[in-house]
Amino acid sequence: MYFELVYDKSLAQASYFIGCQKGGIAAVIDPKRDVDTYLKIAKENDFKITHILETHIHADFLCGSRELAELSGGELYLSDEGGEDWKYEFPHNKVKHGDIIKLGKVSLEAIFTPGHTPEHLSFLLTDHPATDKPTMLFSGDFVFVGDVGRPDLLEQAAGMKDTQEKGAHDLFDSLQDFAKMEDYILLWPGHGAGSACGKSLGAVNMSTIGYEKIRNWALKLLDDKAAFTKELLEDQPEPPRYFSMMKKLNKEDRKLLTEVPEIKNLDQAEYKAAKKKELKLIDARPKQQFADSFLKGTLNIPNDNSFSTWMGWFLSYEEDFVLIASSDEIEDLTRKLMRIGMDKIHGYITPDQLADFENGKLMSYQPLEKKLVEDKISDGDVQLIDIRRQAEYKEGHIEGAINLYIGTLDENFEKVDKNREAIIYCNSGNRSAVAYSLLVANGFDNISNYSGGWSEWRQED
(Lines give C-alpha, C1' and ligand atoms only; values in the text may rest on other atoms or scores of the structure.)
Protein backbone atom coordinates (compact mmCIF):
# COMPACT_ATOMS: atom_id res chain seq x y z
CA MET A 1 0.00 0.00 0.00
CA TYR A 2 1.11 3.55 -0.76
CA PHE A 3 0.06 6.32 1.64
CA GLU A 4 0.64 10.08 1.68
CA LEU A 5 -0.75 12.87 3.83
CA VAL A 6 -1.33 16.17 1.98
CA TYR A 7 -1.61 18.95 4.54
CA ASP A 8 -2.69 22.52 3.84
CA LYS A 9 -1.31 24.70 6.64
CA SER A 10 -3.39 27.70 5.57
CA LEU A 11 -6.61 25.93 6.59
CA ALA A 12 -5.08 23.24 8.83
CA GLN A 13 -6.77 20.75 6.48
CA ALA A 14 -5.68 17.18 5.78
CA SER A 15 -6.35 15.08 2.70
CA TYR A 16 -5.06 11.63 1.97
CA PHE A 17 -3.66 9.79 -1.06
CA ILE A 18 -3.93 5.99 -0.79
CA GLY A 19 -2.65 3.63 -3.46
CA CYS A 20 -2.68 -0.08 -4.19
CA GLN A 21 0.76 -0.57 -5.70
CA LYS A 22 -0.02 -3.95 -7.18
CA GLY A 23 -3.07 -2.66 -9.05
CA GLY A 24 -1.60 0.76 -9.81
CA ILE A 25 -4.79 2.49 -8.64
CA ALA A 26 -5.36 5.14 -5.99
CA ALA A 27 -7.97 6.93 -3.91
CA VAL A 28 -8.00 10.45 -2.51
CA ILE A 29 -9.97 11.40 0.60
CA ASP A 30 -11.20 15.01 1.03
CA PRO A 31 -9.06 16.67 -1.69
CA LYS A 32 -8.37 20.39 -1.66
CA ARG A 33 -9.45 22.33 -4.74
CA ASP A 34 -6.03 22.89 -6.34
CA VAL A 35 -5.85 19.23 -7.27
CA ASP A 36 -2.64 19.30 -9.28
CA THR A 37 -0.96 18.15 -6.05
CA TYR A 38 -2.67 14.74 -6.29
CA LEU A 39 -2.15 14.42 -10.03
CA LYS A 40 1.57 15.00 -9.46
CA ILE A 41 1.71 12.31 -6.76
CA ALA A 42 -0.12 9.90 -9.06
CA LYS A 43 2.20 10.59 -11.99
CA GLU A 44 5.38 10.29 -9.95
CA ASN A 45 4.28 6.96 -8.49
CA ASP A 46 2.56 5.41 -11.55
CA PHE A 47 -0.96 5.48 -10.10
CA LYS A 48 -4.30 6.08 -11.76
CA ILE A 49 -6.73 7.87 -9.45
CA THR A 50 -9.93 5.81 -9.58
CA HIS A 51 -11.73 6.65 -6.31
CA ILE A 52 -12.43 10.05 -4.74
CA LEU A 53 -14.06 10.07 -1.30
CA GLU A 54 -15.45 12.73 1.01
CA THR A 55 -16.14 12.32 4.71
CA HIS A 56 -18.91 14.96 4.70
CA ILE A 57 -20.16 18.22 3.20
CA HIS A 58 -17.39 20.53 4.35
CA ALA A 59 -17.88 24.03 5.78
CA ASP A 60 -14.33 25.33 5.98
CA PHE A 61 -12.95 24.64 2.50
CA LEU A 62 -14.19 24.07 -1.03
CA CYS A 63 -13.57 20.39 -1.69
CA GLY A 64 -11.86 19.61 -4.99
CA SER A 65 -13.49 16.20 -5.51
CA ARG A 66 -15.27 17.18 -8.70
CA GLU A 67 -12.24 18.95 -10.17
CA LEU A 68 -10.16 15.87 -9.45
CA ALA A 69 -12.79 13.59 -10.99
CA GLU A 70 -12.90 15.78 -14.09
CA LEU A 71 -9.13 15.64 -14.57
CA SER A 72 -8.40 12.08 -13.46
CA GLY A 73 -11.50 10.18 -14.53
CA GLY A 74 -11.91 8.89 -10.97
CA GLU A 75 -15.37 8.22 -9.56
CA LEU A 76 -16.94 10.06 -6.63
CA TYR A 77 -17.96 8.13 -3.50
CA LEU A 78 -20.06 10.37 -1.26
CA SER A 79 -22.35 9.93 1.74
CA ASP A 80 -25.96 8.91 1.26
CA GLU A 81 -26.69 9.16 4.98
CA GLY A 82 -28.28 11.92 7.04
CA GLY A 83 -31.68 12.42 5.39
CA GLU A 84 -32.97 14.30 2.37
CA ASP A 85 -31.51 17.68 3.35
CA TRP A 86 -27.99 16.25 3.14
CA LYS A 87 -27.83 14.91 -0.39
CA TYR A 88 -25.20 16.00 -2.91
CA GLU A 89 -26.81 17.58 -5.98
CA PHE A 90 -24.50 16.14 -8.66
CA PRO A 91 -23.87 12.57 -9.93
CA HIS A 92 -21.89 10.30 -7.60
CA ASN A 93 -21.72 6.82 -6.09
CA LYS A 94 -23.91 6.79 -2.98
CA VAL A 95 -22.22 5.41 0.12
CA LYS A 96 -23.95 4.11 3.23
CA HIS A 97 -22.81 2.69 6.55
CA GLY A 98 -21.12 -0.67 6.10
CA ASP A 99 -20.37 -0.27 2.41
CA ILE A 100 -16.97 -1.61 1.34
CA ILE A 101 -15.04 0.36 -1.25
CA LYS A 102 -12.40 -1.87 -2.82
CA LEU A 103 -9.15 -0.40 -4.06
CA GLY A 104 -7.25 -3.40 -5.36
CA LYS A 105 -5.81 -5.15 -2.30
CA VAL A 106 -6.91 -2.30 -0.05
CA SER A 107 -10.45 -1.81 1.23
CA LEU A 108 -12.22 1.13 2.86
CA GLU A 109 -15.29 0.48 5.00
CA ALA A 110 -17.73 3.38 5.42
CA ILE A 111 -18.68 4.02 9.04
CA PHE A 112 -21.63 6.34 9.70
CA THR A 113 -20.41 8.85 12.33
CA PRO A 114 -23.00 11.65 12.59
CA GLY A 115 -22.61 14.56 14.98
CA HIS A 116 -20.41 17.15 13.36
CA THR A 117 -22.84 16.91 10.44
CA PRO A 118 -25.83 14.59 9.93
CA GLU A 119 -24.32 12.77 6.91
CA HIS A 120 -20.77 12.33 8.21
CA LEU A 121 -18.83 9.18 7.29
CA SER A 122 -15.47 7.89 8.47
CA PHE A 123 -13.46 5.33 6.52
CA LEU A 124 -11.82 2.28 8.07
CA LEU A 125 -8.90 1.02 5.98
CA THR A 126 -7.64 -2.54 5.75
CA ASP A 127 -4.43 -3.41 3.88
CA HIS A 128 -5.28 -7.02 3.02
CA PRO A 129 -1.85 -8.30 1.91
CA ALA A 130 -0.62 -7.46 5.42
CA THR A 131 -3.69 -8.30 7.54
CA ASP A 132 -7.44 -8.72 7.45
CA LYS A 133 -7.80 -6.40 10.44
CA PRO A 134 -8.33 -2.63 9.95
CA THR A 135 -5.26 -0.51 10.52
CA MET A 136 -6.31 3.11 9.84
CA LEU A 137 -9.38 5.27 10.45
CA PHE A 138 -9.88 8.40 8.35
CA SER A 139 -12.14 10.30 10.72
CA GLY A 140 -12.78 13.54 8.85
CA ASP A 141 -14.28 16.01 11.34
CA PHE A 142 -15.60 13.29 13.66
CA VAL A 143 -12.58 12.80 15.93
CA PHE A 144 -9.46 14.97 15.93
CA VAL A 145 -6.22 14.61 17.85
CA GLY A 146 -7.29 15.68 21.33
CA ASP A 147 -10.73 16.92 20.31
CA VAL A 148 -13.93 16.12 18.41
CA GLY A 149 -15.80 17.94 15.65
CA ARG A 150 -18.08 20.73 16.73
CA PRO A 151 -21.79 20.15 16.08
CA ASP A 152 -22.86 23.79 16.25
CA LEU A 153 -21.70 24.99 12.81
CA LEU A 154 -25.05 24.25 11.15
CA GLU A 155 -26.72 26.57 13.61
CA GLN A 156 -24.00 29.17 14.11
CA ALA A 157 -22.74 29.44 10.51
CA ALA A 158 -25.54 28.13 8.31
CA GLY A 159 -28.47 29.46 10.38
CA MET A 160 -30.14 26.06 10.87
CA LYS A 161 -31.96 26.53 14.18
CA ASP A 162 -32.17 23.89 16.90
CA THR A 163 -29.53 21.63 15.37
CA GLN A 164 -26.53 21.95 17.69
CA GLU A 165 -27.86 19.96 20.64
CA LYS A 166 -29.12 17.17 18.39
CA GLY A 167 -25.71 17.13 16.72
CA ALA A 168 -24.02 16.91 20.12
CA HIS A 169 -26.22 13.97 21.10
CA ASP A 170 -25.52 12.21 17.78
CA LEU A 171 -21.80 12.75 18.29
CA PHE A 172 -22.04 11.31 21.80
CA ASP A 173 -23.65 8.18 20.37
CA SER A 174 -21.10 7.92 17.54
CA LEU A 175 -18.26 8.07 20.05
CA GLN A 176 -19.66 5.08 21.92
CA ASP A 177 -18.84 2.91 18.91
CA PHE A 178 -15.51 4.65 18.36
CA ALA A 179 -14.48 3.78 21.92
CA LYS A 180 -15.00 0.08 21.14
CA MET A 181 -12.50 0.08 18.26
CA GLU A 182 -9.08 -1.51 18.65
CA ASP A 183 -6.46 0.68 20.30
CA TYR A 184 -3.79 0.03 17.66
CA ILE A 185 -5.77 1.58 14.78
CA LEU A 186 -4.09 4.72 13.47
CA LEU A 187 -6.26 7.85 13.49
CA TRP A 188 -5.94 10.26 10.56
CA PRO A 189 -8.28 13.26 11.07
CA GLY A 190 -9.44 15.94 8.66
CA HIS A 191 -7.89 18.88 10.53
CA GLY A 192 -5.12 19.91 12.88
CA ALA A 193 -4.44 22.80 15.22
CA GLY A 194 -5.67 26.13 13.87
CA SER A 195 -8.89 24.86 12.36
CA ALA A 196 -12.19 26.43 13.44
CA CYS A 197 -13.88 23.00 13.23
CA GLY A 198 -13.03 22.37 16.90
CA LYS A 199 -11.74 24.27 19.90
CA SER A 200 -8.66 22.37 21.10
CA LEU A 201 -7.19 20.40 18.21
CA GLY A 202 -3.74 18.95 18.75
CA ALA A 203 -0.73 20.07 16.75
CA VAL A 204 0.29 16.50 15.81
CA ASN A 205 -1.22 15.29 12.52
CA MET A 206 -2.15 11.77 13.61
CA SER A 207 -2.81 9.61 16.64
CA THR A 208 -4.09 6.18 17.57
CA ILE A 209 -7.53 5.26 18.84
CA GLY A 210 -5.92 3.97 22.02
CA TYR A 211 -4.10 7.22 22.67
CA GLU A 212 -7.29 9.22 22.11
CA LYS A 213 -9.06 7.05 24.69
CA ILE A 214 -6.41 8.20 27.17
CA ARG A 215 -6.03 11.89 26.31
CA ASN A 216 -9.10 13.13 24.37
CA TRP A 217 -11.41 15.04 26.71
CA ALA A 218 -14.55 13.89 24.86
CA LEU A 219 -13.82 10.20 25.41
CA LYS A 220 -13.62 10.78 29.16
CA LEU A 221 -17.25 11.97 29.28
CA LEU A 222 -18.97 9.06 27.53
CA ASP A 223 -20.94 8.14 30.65
CA ASP A 224 -22.59 11.57 30.96
CA LYS A 225 -24.39 12.93 27.88
CA ALA A 226 -25.41 16.19 29.59
CA ALA A 227 -21.87 17.00 30.75
CA PHE A 228 -20.50 16.01 27.34
CA THR A 229 -22.99 18.27 25.53
CA LYS A 230 -22.27 21.24 27.81
CA GLU A 231 -18.50 20.92 27.43
CA LEU A 232 -18.74 20.38 23.66
CA LEU A 233 -20.86 23.45 22.96
CA GLU A 234 -19.06 25.78 25.35
CA ASP A 235 -16.44 28.27 24.09
CA GLN A 236 -16.30 27.09 20.49
CA PRO A 237 -14.48 29.58 18.22
CA GLU A 238 -16.58 31.98 16.20
CA PRO A 239 -17.20 30.38 12.77
CA PRO A 240 -15.98 32.51 9.83
CA ARG A 241 -18.70 33.98 7.62
CA TYR A 242 -17.61 32.06 4.56
CA PHE A 243 -18.52 28.72 6.17
CA SER A 244 -22.16 29.00 5.08
CA MET A 245 -21.06 29.55 1.47
CA MET A 246 -18.80 26.48 1.63
CA LYS A 247 -21.72 24.31 2.74
CA LYS A 248 -23.70 25.55 -0.26
CA LEU A 249 -20.93 25.19 -2.85
CA ASN A 250 -19.82 21.76 -1.64
CA LYS A 251 -23.35 20.43 -1.99
CA GLU A 252 -24.55 21.93 -5.26
CA ASP A 253 -23.61 21.47 -8.94
CA ARG A 254 -21.21 24.43 -9.14
CA LYS A 255 -18.81 25.65 -11.81
CA LEU A 256 -15.49 23.79 -11.80
CA LEU A 257 -12.03 25.35 -11.76
CA THR A 258 -9.59 22.73 -13.01
CA GLU A 259 -6.37 24.76 -13.01
CA VAL A 260 -4.78 27.53 -11.01
CA PRO A 261 -5.66 30.73 -12.89
CA GLU A 262 -3.03 33.29 -13.86
CA ILE A 263 -3.71 36.66 -12.24
CA LYS A 264 -3.11 39.81 -14.27
CA ASN A 265 -0.59 42.38 -13.12
CA LEU A 266 -2.47 45.67 -13.53
CA ASP A 267 -0.87 48.68 -15.17
CA GLN A 268 -1.55 52.18 -13.86
CA ALA A 269 -4.60 52.79 -16.05
CA GLU A 270 -6.14 49.44 -15.08
CA TYR A 271 -5.42 50.11 -11.42
CA LYS A 272 -7.09 53.53 -11.57
CA ALA A 273 -10.09 51.99 -13.33
CA ALA A 274 -10.37 49.39 -10.55
CA LYS A 275 -10.24 52.13 -7.93
CA LYS A 276 -12.91 54.09 -9.79
CA LYS A 277 -15.14 51.01 -9.58
CA GLU A 278 -14.40 51.03 -5.82
CA LEU A 279 -12.99 47.52 -5.87
CA LYS A 280 -11.53 46.49 -2.53
CA LEU A 281 -7.74 46.59 -2.25
CA ILE A 282 -6.21 43.79 -0.17
CA ASP A 283 -2.66 44.46 0.97
CA ALA A 284 -1.05 41.07 1.63
CA ARG A 285 2.27 42.39 2.92
CA PRO A 286 3.51 41.63 6.47
CA LYS A 287 2.02 43.92 9.12
CA GLN A 288 5.20 45.99 9.67
CA GLN A 289 5.62 46.71 5.96
CA PHE A 290 2.00 47.81 5.83
CA ALA A 291 2.44 50.03 8.89
CA ASP A 292 5.48 51.68 7.32
CA SER A 293 3.68 52.67 4.12
CA PHE A 294 0.03 51.99 3.29
CA LEU A 295 -2.84 53.43 1.30
CA LYS A 296 -5.80 54.46 3.42
CA GLY A 297 -8.79 52.33 2.49
CA THR A 298 -6.80 49.15 1.90
CA LEU A 299 -7.28 46.11 4.10
CA ASN A 300 -4.11 44.52 5.44
CA ILE A 301 -4.47 40.73 5.38
CA PRO A 302 -0.90 39.37 5.46
CA ASN A 303 0.00 36.30 3.43
CA ASP A 304 0.29 33.85 6.30
CA ASN A 305 -1.67 30.81 7.45
CA SER A 306 -4.63 33.01 8.41
CA PHE A 307 -4.95 34.74 5.03
CA SER A 308 -7.79 32.58 3.71
CA THR A 309 -9.74 32.81 6.95
CA TRP A 310 -9.68 36.61 7.15
CA MET A 311 -10.52 36.93 3.48
CA GLY A 312 -13.50 34.68 4.15
CA TRP A 313 -14.53 36.87 7.07
CA PHE A 314 -14.33 40.24 5.35
CA LEU A 315 -15.08 39.77 1.64
CA SER A 316 -18.26 38.63 -0.03
CA TYR A 317 -18.31 36.13 -2.86
CA GLU A 318 -19.95 38.64 -5.20
CA GLU A 319 -17.27 41.33 -5.16
CA ASP A 320 -14.11 41.63 -7.25
CA PHE A 321 -10.93 42.72 -5.49
CA VAL A 322 -7.31 43.66 -6.18
CA LEU A 323 -4.33 42.17 -4.35
CA ILE A 324 -1.21 44.10 -3.35
CA ALA A 325 1.63 41.59 -3.22
CA SER A 326 4.95 40.69 -4.79
CA SER A 327 4.80 38.78 -8.06
CA ASP A 328 6.34 35.66 -6.55
CA GLU A 329 3.52 35.43 -3.97
CA ILE A 330 0.58 35.61 -6.36
CA GLU A 331 0.31 31.91 -7.14
CA ASP A 332 0.39 31.04 -3.43
CA LEU A 333 -2.31 33.62 -2.68
CA THR A 334 -4.42 32.41 -5.60
CA ARG A 335 -4.25 28.82 -4.36
CA LYS A 336 -5.24 29.85 -0.85
CA LEU A 337 -8.24 31.72 -2.24
CA MET A 338 -9.18 28.84 -4.57
CA ARG A 339 -9.44 26.60 -1.53
CA ILE A 340 -12.32 28.66 -0.18
CA GLY A 341 -13.88 29.33 -3.58
CA MET A 342 -12.92 33.01 -3.64
CA ASP A 343 -12.17 33.36 -7.36
CA LYS A 344 -13.00 36.96 -8.21
CA ILE A 345 -9.44 38.29 -8.20
CA HIS A 346 -9.54 41.27 -10.59
CA GLY A 347 -5.75 41.55 -10.68
CA TYR A 348 -2.78 42.56 -8.58
CA ILE A 349 -0.16 45.27 -8.20
CA THR A 350 3.21 45.01 -6.50
CA PRO A 351 4.27 47.15 -3.51
CA ASP A 352 6.59 49.10 -5.82
CA GLN A 353 3.69 49.79 -8.16
CA LEU A 354 1.60 50.97 -5.21
CA ALA A 355 4.29 53.47 -4.22
CA ASP A 356 4.57 54.64 -7.83
CA PHE A 357 0.83 54.84 -8.57
CA GLU A 358 0.02 56.52 -5.23
CA ASN A 359 3.01 58.86 -5.07
CA GLY A 360 2.72 61.06 -1.98
CA LYS A 361 -0.58 59.52 -0.81
CA LEU A 362 0.73 56.71 1.35
CA MET A 363 0.41 56.84 5.13
CA SER A 364 2.17 55.17 8.05
CA TYR A 365 1.52 54.43 11.70
CA GLN A 366 3.53 53.35 14.70
CA PRO A 367 2.16 50.57 16.95
CA LEU A 368 2.07 51.45 20.65
CA GLU A 369 4.53 50.11 23.19
CA LYS A 370 3.31 48.80 26.55
CA LYS A 371 4.61 51.79 28.57
CA LEU A 372 2.74 54.24 26.39
CA VAL A 373 -0.46 52.21 26.69
CA GLU A 374 -0.09 52.23 30.48
CA ASP A 375 0.40 56.02 30.43
CA LYS A 376 -2.64 56.57 28.22
CA ILE A 377 -4.80 54.40 30.47
CA SER A 378 -3.52 56.28 33.52
CA ASP A 379 -4.34 59.61 31.90
CA GLY A 380 -7.85 58.33 31.08
CA ASP A 381 -10.17 59.12 28.17
CA VAL A 382 -9.17 56.13 26.02
CA GLN A 383 -11.28 53.21 24.91
CA LEU A 384 -9.68 49.77 25.18
CA ILE A 385 -10.93 47.21 22.65
CA ASP A 386 -9.99 43.54 22.91
CA ILE A 387 -10.57 41.97 19.47
CA ARG A 388 -9.83 38.36 20.45
CA ARG A 389 -12.35 35.55 20.63
CA GLN A 390 -14.86 35.69 23.45
CA ALA A 391 -13.31 32.61 25.07
CA GLU A 392 -9.88 34.28 25.08
CA TYR A 393 -11.37 37.46 26.56
CA LYS A 394 -13.04 35.44 29.32
CA GLU A 395 -9.74 33.86 30.29
CA GLY A 396 -8.15 37.26 30.88
CA HIS A 397 -8.01 40.79 29.47
CA ILE A 398 -6.78 44.30 30.17
CA GLU A 399 -8.96 45.84 32.87
CA GLY A 400 -11.63 48.07 31.38
CA ALA A 401 -11.41 46.63 27.85
CA ILE A 402 -14.55 45.76 25.93
CA ASN A 403 -14.65 42.69 23.70
CA LEU A 404 -15.39 43.26 20.01
CA TYR A 405 -14.30 40.17 18.09
CA ILE A 406 -12.33 41.05 14.95
CA GLY A 407 -14.46 38.85 12.69
CA THR A 408 -17.62 40.76 13.55
CA LEU A 409 -15.98 44.13 14.13
CA ASP A 410 -17.59 45.55 10.99
CA GLU A 411 -20.99 44.74 12.50
CA ASN A 412 -20.13 46.68 15.65
CA PHE A 413 -18.60 49.91 14.41
CA GLU A 414 -21.15 51.89 16.44
CA LYS A 415 -19.50 50.57 19.61
CA VAL A 416 -16.19 52.21 18.70
CA ASP A 417 -16.12 55.69 20.23
CA LYS A 418 -15.07 58.24 17.61
CA ASN A 419 -14.79 60.96 20.24
CA ARG A 420 -11.74 59.54 21.96
CA GLU A 421 -8.72 57.43 21.15
CA ALA A 422 -9.43 53.73 20.75
CA ILE A 423 -6.61 51.31 21.56
CA ILE A 424 -7.07 47.88 20.02
CA TYR A 425 -5.17 44.75 20.92
CA CYS A 426 -5.21 40.96 20.44
CA ASN A 427 -2.77 38.39 21.78
CA SER A 428 0.42 39.18 19.88
CA GLY A 429 -0.36 41.93 17.38
CA ASN A 430 -1.26 39.96 14.25
CA ARG A 431 -5.05 40.23 14.43
CA SER A 432 -4.93 43.79 15.74
CA ALA A 433 -2.92 44.84 12.67
CA VAL A 434 -5.74 43.52 10.47
CA ALA A 435 -8.32 45.23 12.67
CA TYR A 436 -6.41 48.52 12.54
CA SER A 437 -6.55 48.55 8.74
CA LEU A 438 -10.25 47.65 8.79
CA LEU A 439 -11.12 50.50 11.15
CA VAL A 440 -9.00 53.09 9.33
CA ALA A 441 -10.49 51.98 5.99
CA ASN A 442 -13.93 52.65 7.43
CA GLY A 443 -13.29 56.19 8.59
CA PHE A 444 -11.95 55.72 12.12
CA ASP A 445 -9.03 58.13 12.42
CA ASN A 446 -8.27 58.00 16.14
CA ILE A 447 -7.17 54.36 16.37
CA SER A 448 -4.00 52.97 17.95
CA ASN A 449 -2.69 49.42 17.79
CA TYR A 450 -1.07 47.94 20.89
CA SER A 451 1.15 45.40 19.17
CA GLY A 452 2.40 43.60 22.28
CA GLY A 453 -1.14 42.54 23.09
CA TRP A 454 -2.36 40.41 25.94
CA SER A 455 0.65 38.06 25.85
CA GLU A 456 2.94 40.98 26.72
CA TRP A 457 0.50 42.79 29.03
CA ARG A 458 0.00 39.84 31.39
CA GLN A 459 3.73 39.52 32.00
CA GLU A 460 5.09 41.33 35.01
CA ASP A 461 7.49 44.18 34.26
Residues of the stretch 24-36 satisfying the condition of being surrounded by fewer than 23 Cβ atoms within 10 Å (Cβ to Cβ), outside any loop (DSSP other than H, G, I, E, B) and either touching a Gly at 6+ places or on another chain (Cβ under 9 Å) or without any contact (Cβ under 8 Å) to a residue 12 or more places away in the chain (or both): Ile25
Being more than 27 Å from Ser308 (Cβ to Cβ), in contact (Cβ under 8 Å) with a residue 40 or more places away in the chain and surrounded by 19 or more Cβ atoms within 10 Å (Cβ to Cβ) narrows it down to one of Leu62, Leu53, Leu108, so name that one. Leu108
State which residue is farthest from Ala168 (Cα to Cα) when the search covers only the stretch 99-114 and only residues that are part of a strand (DSSP E or B) and charged (D, E, K, R). Lys102
Of (1) farther than 19 Å from Leu333 by Cβ; (2) under 21 Å from the mean Cα position of the chain (by Cα), Ala273 satisfies every one except (2)
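Are any of the residues in the stretch 181-201 crowded, with 21+ Cβ neighbours inside 10 Å, among the aliphatic types (A, V, I, L, M) and either farther than 24 Å from Lys9 by Cα or at pLDDT 95 or above (or both)? Write out each step before concluding.
Let us first name the residues in the stretch 181-201 that are crowded, with 21+ Cβ neighbours inside 10 Å, namely 187-192, 195-198, 201.
So of that shortlist, the ones also among the aliphatic types (A, V, I, L, M) come out as 187, 196, 201.
Now drop any that are not either farther than 24 Å from Lys9 by Cα or at pLDDT 95 or above (or both), which leaves 187.
Yes, the stretch 181-201 contains a residue that is crowded, with 21+ Cβ neighbours inside 10 Å, among the aliphatic types (A, V, I, L, M) and either farther than 24 Å from Lys9 by Cα or at pLDDT 95 or above (or both).
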How many residues are exposed (fewer than 14 other Cβ atoms within 10 Å of the Cβ), over 30 Å from Ala269 (Cα atoms) and basic (Lys, Arg) when one looks only at the stretch 355-399? 2
Odd one out for Leu78, checked against (1) in contact (Cβ under 8 Å) with a residue 24 or more places away in the chain; (2) in a loop (DSSP other than H, G, I, E, B); (3) not basic (Lys, Arg): (2)
Which residues, taken from the stretch 68-87, are surrounded by fewer than 23 Cβ atoms within 10 Å (Cβ to Cβ) and farther than 19 Å from Thr117 by Cβ? Ala69, Glu70, Leu71, Ser72, Gly73, Glu75
Report, by residue number, each residue of the stretch 345-360 that is assigned to a loop (DSSP other than H, G, I, E, B) and at pLDDT 95 or above. Thr350, Glu358
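On the given criteria, is Gly19 part of a loop (DSSP other than H, G, I, E, B) and more than 23 Å from the chain's Cα centre (by Cα)?
Working: part of a loop (DSSP other than H, G, I, E, B): no; more than 23 Å from the chain's Cα centre (by Cα): yes.
Criteria not met by Gly19.
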Here the qualifying pairs (Cβ atoms under 7 Å; residues six or more apart or on different chains; first in the stretch 380-405 and under 20 Å from Glu234 (Cα atoms) and in a helix (DSSP H, G or I); second charged (D, E, K, R) and modelled with pLDDT under 95) come out as Ala391/Asp235
Sole miss for Thr117 among (1) hydroxyl-bearing (Ser, Thr, Tyr); (2) in contact with a strand residue (DSSP E or B) (Cβ under 6 Å, 6 or more places away or on another chain); (3) in a loop (DSSP other than H, G, I, E, B); (4) closer than 24 Å to Phe172 by Cβ is condition (2)
Considering only the stretch 37-50, state which residues are in contact (Cβ under 8 Å) with a residue 24 or more places away in the chain and not aliphatic (A, V, I, L, M). Thr37, Tyr38, Asn45, Phe47, Lys48, Thr50
Cβ-Cβ under 7 Å pairs, at least 6 apart or on other chains, the stretch 340-351 side among the charged types (D, E, K, R), far side surrounded by fewer than 19 Cβ atoms within 10 Å (Cβ to Cβ): Asp343/Leu257; Lys344/Glu319; Lys344/Asp320
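Give the residue, chosen from Gln164, Gln176, that is touching a Leu at 6+ places or on another chain (Cβ under 7 Å) and exposed (fewer than 15 other Cβ atoms within 10 Å of the Cβ). Write out each step before concluding.
Details: Gln164 fails: exposed (fewer than 15 other Cβ atoms within 10 Å of the Cβ).
One residue alone meets the criteria, Gln176.
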Pairs where the first residue, in the stretch 133-155, is farther than 19 Å from Leu233 by Cα and the second is modelled with pLDDT of 95 or more and assigned to a helix (DSSP H, G or I), C-beta under 9 Å, 6+ apart: Leu137/Phe178; Leu137/Ile209; Ser139/Phe178
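Going through the stretch 202-218 one residue at a time, which ones are crowded, with 20+ Cβ neighbours inside 10 Å and not aliphatic (A, V, I, L, M)?
Within the stretch 202-218, the first condition is being crowded, with 20+ Cβ neighbours inside 10 Å, and the residues that meet it are 207, 209, 212, 216, 218.
Those that are crowded, with 20+ Cβ neighbours inside 10 Å and not aliphatic (A, V, I, L, M): Ser207, Glu212, Asn216.
The values are calculated or read from the model by the stated rules, or taken from the named source; none is laboratory data. These numbers come from a predicted model, not from an experiment. Using ideal geometry, Cβ is built from the backbone for each residue, glycine included, and neighbour counts are taken over all protein chains shown.
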